[in-house]
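Readers should treat all values here as calculations from the given coordinates under stated rules, not as data from a laboratory. Everything quoted here is computed from the prediction, not taken from an experiment. When we count neighbours, we look across all protein chains shown, and the Cβ atoms used for this are built from the backbone with ideal geometry, even at glycine.
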């Protein structure tokens, strides 16, 4: 199976990204991010306003030392969105490659899905100290809020299959 590929710019740096839909991660792979498509029972998904307030994103973030993906996602969704989740599952990973003044880099970012257990009163993100906005949207509107191109479409396709199996 060939990965879905895309090229985009982030902070002026050209990124080449590949999406690998799988729950079998390469042996020894170290990931730098865990983001999740978190579904309410009605099928709507959680999105957050970024800490700078300029864009929308899926909730998630960086793993802490020795933290497994599910613990990272549960912690980050609670910190950013004041939402408890359960049943997190890996949908796949994005392999991103880029070159900057420090050299050539390859990073791996996990994309997951989970179910919302409880929506709590929104509190400030303990990491950034900001009160983020959160929204629950129809997955059909994902691209109106989050511009992840072809890879975003594939991630949402995998997430919808996860949700359909969770019924």
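Couple of notes before you dig in:
- Computed over the range 91-167, the percent of Cα pairs more than 20 Å apart is 54.
- Antiparallel beta bridges, as assigned by DSSP with both residues in the chain, represent about 85 percent of the total such bridges.
- When the helices of the chain are scored as -39500 (n - 2.57) per DSSP H run of n ≥ 4 and the total is divided over every residue, the value at 222 nm lands at -6500 deg cm²/dmol.
- Label-point gap, in nm, between residue 18 and residue 2 - each point 7 angstrom along Cα→Cβ: 1.2
- Mean separation of Cα contacts under 8 Å (6+ apart) over length of the chain, as relative contact order %: 29
- In the chain, the longest principal axis of the Cα atoms and the axis of helix 69-81 are about 60 degrees apart.
- 136, 39, 69, 8 arranged by Cβ crowding within 10 Å, fewest neighbours leading: 8, 136, 69, 39
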